[in-house]
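To start, the structure under review is shown below, and the notes come after it.
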Amino acid sequence: MVSVSINGRNVVLHSPADTPLLWALRCEHQLTGTKFGCGIGVCGACTVLLDNVAKPACQTALSAIGQAHVVTIEGLDSAEARALKKAWLEYDVVQCGYCQSAQLIAATALLYRHRHPTDADIDDAMKEIACRCGTFPRIRKAIHAAAQSLGP
Ligand code: FES
Ligand code: FES
């Protein structure tokens, strides 16, 4: 049993301590917005926030979480995240949608670090999240728009 903070609530997870966080989120708590893509840390579809840093949940054992706060797409509700979601709609970013939870999580982590990221900052922050639909040009525009809407 492991006690973890998920989306602002302390929850008990019954999976063994070496279980990847991804499976505990999806199977124990039905937080299915976090997607399974590759399971080996290369696609980024499972990205969540750990203390506001984007991390692949398939590569994060429950035992490694400790006191860190986990935020999934279901609990992503900061000012930065709201600005990004609005911009995502304005720029019609989503295509099939499979990667988009992770894209929003990674974009939010980026705006926590850089309130006004450059194209290079965006490319660097988003490079771990694959999108087979090629939405990246719209993602970049949406991140710039969200950053601008947040002010200085
Ligand atoms: S499912 Fe975790 S990186 Fe692909
Ligand atoms: S929107 Fe389809 S994989 Fe990214």
(Q) I'd like the full set of residues that are away from ligand 2 (no atom under 16 Å from the Cβ) and either closer than 21 Å to residue 45 by Cβ or touching a residue at least 24 places away in the same chain (Cβ under 8 Å) (or both), limited to region 93-113. (A) 108, 109, 110, 111, 112
**Q.** Some residue of region 9-27 being within 14 Å of ligand 2 (Cβ to nearest atom) and either surrounded by fewer than 15 Cβ atoms within 10 Å (Cβ to Cβ) or closer than 26 Å to residue 122 by Cβ (or both)
**A.** no
Q) Out of the residues in region 54-92 that are free of Cβ contacts under 8 Å to residues at least 24 places away in the same chain and small (Gly, Ala, Ser), which is surrounded by the most Cβ atoms within 10 Å (Cβ to Cβ)? A) 64
Q. Here are some conditions: (1) open to solvent by 40 Å² or more (accessible area, probe 1.4 Å); (2) farther than 18 Å from residue 102 by Cβ. Residue 32 meets all but one. Which one does it not meet?
A. (2)
Q: Being part of a helix (DSSP H, G or I), farther than 30 Å from residue 19 by Cβ and out of contact with any Ser or Thr (no Cβ under 9 Å at 6 or more places or on another chain) narrows it down to one of 107, 145, so name that one.
A: 145
Q: Please tell me if residue 107 is under 29 Å from residue 152 (Cα atoms) and either open to solvent by 10 Å² or more (accessible area, probe 1.4 Å) or at pLDDT 95 or above (or both).
A: yes
Q: Filter region 127-137 for residues that are away from ligand 1 (no atom under 15 Å from the Cβ) and surrounded by 12 or more Cβ atoms within 10 Å (Cβ to Cβ) and give the result.
A: 133, 135, 136
Q: Mind counting the residues in region 35-48 that are small (Gly, Ala, Ser), within 16 Å of ligand 2 (Cβ to nearest atom) and either in contact with a Pro (Cβ under 7 Å, 6 or more places away or on another chain) or open to solvent by less than 20 Å² (accessible area, probe 1.4 Å) (or both)?
A: 2
**Q.** Selected residue (only one of 119, 124 is in contact with a Lys or Arg (Cβ under 7 Å, 6 or more places away or on another chain), surrounded by fewer than 20 Cβ atoms within 10 Å (Cβ to Cβ) and more than 21 Å from residue 3 (Cβ to Cβ))
**A.** 119
Q: Name the residue, out of 139, 129, 122, that is more than 13 Å from ligand 2 (Cβ to nearest atom) and under 16 Å from the mean Cα position of the chain (by Cα).
A: 122
Q.
open to solvent by 50 Å² or more (accessible area, probe 1.4 Å), away from ligand 1 (no atom under 11 Å from the Cβ), assigned by TED's automatic domain parsing to the domain that holds residue 137 and at positive phi: is that true of residue 51 in this structure?
A. no
Q | For residue 97: the one exception among (1) open to solvent by less than 50 Å² (accessible area, probe 1.4 Å); (2) away from ligand 1 (no atom under 16 Å from the Cβ); (3) not aliphatic (A, V, I, L, M) | A | (2)
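The values are calculated or read from the model by the stated rules, or taken from the named source; none is laboratory data. Quantities reported herein were computed from a predicted structural model and do not represent experimental measurements. Glycine gets a Cβ as well: all are built from the backbone with ideal geometry, and neighbour counts include every protein chain shown. Just so you know, the surface numbers come from the protein's heavy atoms only, side chains and all, with ligands and any DNA or RNA stripped out. Shrake-Rupley method; radii C 1.70, N 1.55, O 1.52, S 1.80 Å.
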